Amino acid sequence: MRQALIGGLNTRITGGTDGQGGGAGPVVILLHGFGAPGNDLVPLADVLTVPKGARFLFPEGPLSMSFGYGDARAWWLIDVARLEADRAAGRVRDLSGDVPRGLQSAREALETFLNQLPKLLSVDFNKTVIGGFSQGAMLTCDIAMRTAMPFAGLVQLSGTLLAQQDWRPAVSKRTGLPVFQSHGTLDQVLPYTMAERLRDELGKAGLAVEWHDFRGGHEIPETVLRRLSLFLMNALNKT
């Protein structure tokens, strides 16, 4: 594995012909969630089954939360007080219409990353799956709906419906895009019901959503990883 600065984002790169992203194999880009270290999802590269020569990229959120969260990163800051209040009151956390302060900066950071990526690696976006966990899932869903890059697939691990009004006008251009979505029925951070709404909205727009729920919380269990491996093999072998 190696690290590189791509479009301003510190990125961990592994796989390929040399274990450091070499070659021209397909690419899997995964973004970590809020409050996680930049290397949080890196171990997935060792447990997911992907086509031979595939490369994994793990960009790191631009915001440091070292003021109390250790080596924690974020794509944008969240209203923790609102989260706790909703949880205490038993309210469903509905972010479908929210445009968080900092989301636009996160969008620009990821778009710059994607635009600069081909200058560092041999990348064909037709052979690239993008996705993430929690906040990383939200950002990649937003980007996939709003950009014209021809991704091979989208991965949504414990994500939710966010800023829907911003990408709804362009979602039809993603008709047929394979989507892997998983969510725990006991998730207390991002409610299961809102994940179902995301699934349904993407499905109504014509995306090919592969849905996997599990009895658990805000996590990525082994059963999901096994199914995600099958999804990645199918999505990246079709291109």
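Would you say Pro221 is surrounded by 18 or more Cβ atoms within 10 Å (Cβ to Cβ) and on the phi < 0 side of the Ramachandran plot? Quick ask: steps written out before the conclusion?
Details: surrounded by 18 or more Cβ atoms within 10 Å (Cβ to Cβ): no; on the phi < 0 side of the Ramachandran plot: yes.
Against the criterion (surrounded by 18 or more Cβ atoms within 10 Å (Cβ to Cβ) and on the phi < 0 side of the Ramachandran plot), Pro221 does not qualify.
For region 95-109, the criterion of being under 22 Å from Phe34 (Cα atoms), touching a Gly at 6+ places or on another chain (Cβ under 7 Å) and crowded, with 23+ Cβ neighbours inside 10 Å is met by no residue.
For (1) at pLDDT 95 or above; (2) closer than 18 Å to Ala144 by Cβ; (3) of a type in the set (Gly, Ala, Ser), each residue gets a yes or a no:
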site: Pro51; (1), (2), (3): yes, no, no
site: Arg55; (1), (2), (3): yes, no, no
site: Ser64; (1), (2), (3): no, no, yes
site: Gly70; (1), (2), (3): no, no, yes
site: Ala85; (1), (2), (3): no, no, yes
site: Asp94; (1), (2), (3): no, no, no
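Results for (1) among the aliphatic types (A, V, I, L, M); (2) over 22 Å from Arg73 (Cα atoms), shown as yes or no for each residue.
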{"position": "Arg91", "(1), (2)": "no, yes"}
{"position": "Ser96", "(1), (2)": "no, yes"}
{"position": "Ile130", "(1), (2)": "yes, no"}
{"position": "Thr140", "(1), (2)": "no, no"}
{"position": "Gly159", "(1), (2)": "no, no"}
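For first residues located in region 159-172 and farther than 22 Å from Val189 by Cα, partners that are surrounded by 22 or more Cβ atoms within 10 Å (Cβ to Cβ) and among the small types (Gly, Ala, Ser) and lie 6+ apart or on another chain with Cβ distances below 9 Å form the pairs Trp167/Ala144.
Looking across region 3-13, the residues that are among the polar types (S, T, N, Q) and surrounded by fewer than 18 Cβ atoms within 10 Å (Cβ to Cβ) come down to Gln3, Asn10. Are any residues in region 152-172 more than 13 Å from the chain's Cα centre (by Cα) and modelled with pLDDT of 95 or more, and if so, which ones? Ala152, the sole residue that qualifies.
Taken over region 23-36, the criterion of being part of a strand (DSSP E or B) and under 19 Å from Thr128 (Cα atoms) is satisfied by Val27, Val28, Ile29, Leu30, Leu31.
Would you pick out the residues in region 127-148 that are modelled with pLDDT of 95 or more and not hydrophobic (A, V, I, L, M, F, W, C)? Once the filter is applied, which keeps residues that are modelled with pLDDT of 95 or more and not hydrophobic (A, V, I, L, M, F, W, C), region 127-148 yields Lys127, Thr128, Gly131, Gly132, Ser134, Gln135, Gly136, Thr140. Every test in (1) in contact with a Lys or Arg (Cβ under 8 Å, 6 or more places away or on another chain); (2) of a type in the set (D, E, K, R); (3) modelled with pLDDT of 95 or more is passed by Glu196 save one, and that test is (1).
If the condition is being polar (S, T, N, Q) and within 30 Å of Asp79 (Cα to Cα), then region 8-64 contributes Asn10, Thr11, Asn39, Ser64.
Could you tell me which residue of region 164-186 is surrounded by the fewest Cβ atoms within 10 Å (Cβ to Cβ), considering only residues that are under 17 Å from Lys204 (Cα atoms) and of a type in the set (Gly, Ala, Ser)?
Step by step, filter region 164-186, then rank; the result is Gly176.
Mind telling me which of the residues Ala195, Ala148, Ala137 ends up being among the small types (Gly, Ala, Ser), crowded, with 17+ Cβ neighbours inside 10 Å and under 23 Å from Glu111 (Cβ atoms)? Selected residue: Ala137, the only one of Ala195, Ala148, Ala137 that is among the small types (Gly, Ala, Ser), crowded, with 17+ Cβ neighbours inside 10 Å and under 23 Å from Glu111 (Cβ atoms). If you scan region 200-222, which residues turn out to be in contact with a strand residue (DSSP E or B) (Cβ under 7 Å, 6 or more places away or on another chain), closer than 26 Å to Ala45 by Cβ and not hydrophobic (A, V, I, L, M, F, W, C)? Result: Glu210, His212, Asp213, Gly216, Gly217, His218, Glu219, Pro221. Take region 14-44 and flag every residue that is among the hydrophobic types (A, V, I, L, M, F, W, C) and crowded, with 21+ Cβ neighbours inside 10 Å. Answer for region 14-44, where residues must be among the hydrophobic types (A, V, I, L, M, F, W, C) and crowded, with 21+ Cβ neighbours inside 10 Å: Val27, Val28, Ile29, Leu30, Leu31, Phe34, Ala36, Leu41. Elements of the type helices (runs of 4 or more DSSP H) sitting completely within region 37-149 and holding at least 1 residues that are more than 19 Å from Ala195 (Cα to Cα) and of a type in the set (Gly, Ala, Ser): these cover 44-47, 80-89, 103-116.
The values are calculated or read from the model by the stated rules, or taken from the named source; none is laboratory data. Because the structure is a prediction, the values reported are computed rather than measured. Methodologically, a virtual Cβ is constructed for each residue, glycine included, from the backbone with ideal geometry; neighbour enumeration extends over all protein chains shown.
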